[in-house]
1. Restrict the check to region 52-67 and report whether at least one residue is modelled with pLDDT of 95 or more, surrounded by fewer than 18 Cβ atoms within 10 Å (Cβ to Cβ) and within 16 Å of the chain's Cα centre (by Cα).
2. Within region 11-27, can you find the residues that are assigned to a helix (DSSP H, G or I) and loosely packed, with under 15 Cβ neighbours inside 10 Å?
3. Would you tally the residues in region 11-23 being in contact with a helix residue (DSSP H, G or I) (Cβ under 9 Å, 6 or more places away or on another chain) and more than 9 Å from the ligand (Cβ to nearest atom)?
4. If we keep just the residues of region 38-83 that are part of a strand (DSSP E or B) and more than 10 Å from the ligand (Cβ to nearest atom), which is farthest from residue 120 (Cα to Cα)?
5. Go through the residues of region 215-230 one by one and say whether even a single one is surrounded by 14 or more Cβ atoms within 10 Å (Cβ to Cβ), assigned to a helix (DSSP H, G or I), at pLDDT 95 or above and in contact with a helix residue (DSSP H, G or I) (Cβ under 7 Å, 6 or more places away or on another chain).
6. Can residue 125 be described as under 21 Å from residue 1 (Cβ atoms), assigned to a helix (DSSP H, G or I) and more than 14 Å from the ligand (Cβ to nearest atom)?
7. Given the structure, is residue 170 surrounded by 15 or more Cβ atoms within 10 Å (Cβ to Cβ), touching a strand residue (DSSP E or B) at 6+ places or on another chain (Cβ under 8 Å) and not in a loop (DSSP other than H, G, I, E, B)?
8. What are the pairs, 6+ residues apart or on separate chains, where a residue within region 57-69 that is in contact (Cβ under 8 Å) with a residue 40 or more places away in the chain and under 11 Å from residue 15 (Cβ atoms) has its Cβ under 7 Å from a residue that is within 9 Å of the ligand (Cβ to nearest atom) and part of a helix (DSSP H, G or I)?
Ligand code: FPP
């Protein structure tokens, strides 16, 4: 969700105003994703590195998060959304952790969409944690290093327990970087870049990203012939005819 600061600066506003408008986009996009039938939506809301921003900005982002969790509680519960997090959420201040833990528990049985907030999250940090836990298991005799496979590593990542495989990553604000997001999970994800700043990103932009995604041919290392159904003329075969509105 990049570009809050630049959106504000371009309008002579403080960065905080950009984050406020960014939180409005969060509301809009969560609603649109639920309506579009998306199974899981992850929002990179605060990175492990964001703790090093000026203390006033970190304070404001934490307050914004707390407010979002309190204000959106009914809508999240009423729409069958299950809230989960990835990242080191233990680092969050108690006034954010309390409504977060409460809403995660209250929404745990919801099945219509997963909303995952990446909080105090870093892809490298998560991989490092997985390596640490695998080493511990190996030392304790619960894991044979010779048996470690792609599936084993995946099983040590919280994302594999909480989320389906990642299909699409949307990056706003014209940047073309992963910025320590889902490093493992993006292996076969489709990437969609938009010049829009996050505070300007709305339902139409989400639908445009889904159209783009629907026109991609996902080969996972195979050939076109292998992945295309013999008689296919549309579907996910690169025709661009997605059927999404
Ligand atoms: C990156 O833009 C954005 C963030 C570090 C914070 C994202 C937070 C929100 C959108 C609002 C709070 C979240 C929720 C879930 C309610 P930037 O500030 O780095 O922008 P810049 O690159 O233009 O400076």
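1. Within region 52-67, not a single residue is modelled with pLDDT of 95 or more, surrounded by fewer than 18 Cβ atoms within 10 Å (Cβ to Cβ) and within 16 Å of the chain's Cα centre (by Cα).
2. Those that are assigned to a helix (DSSP H, G or I) and loosely packed, with under 15 Cβ neighbours inside 10 Å: 24, 27.
3. Total meeting the criteria: 5.
4. It comes out as 81.
5. No, region 215-230 has no match at all.
6. yes
7. Judged against the criteria, residue 170 is a match.
8. If the second residue must be within 9 Å of the ligand (Cβ to nearest atom) and part of a helix (DSSP H, G or I), the pairs left are 57/15; 60/19; 61/19.
The values are calculated or read from the model by the stated rules, or taken from the named source; none is laboratory data. Bear in mind the structure is a predicted one, so any value in this text is a computation, not a measurement. So basically every Cβ, Gly included, is an ideal-geometry build from the backbone, and we count neighbours across all protein chains shown.
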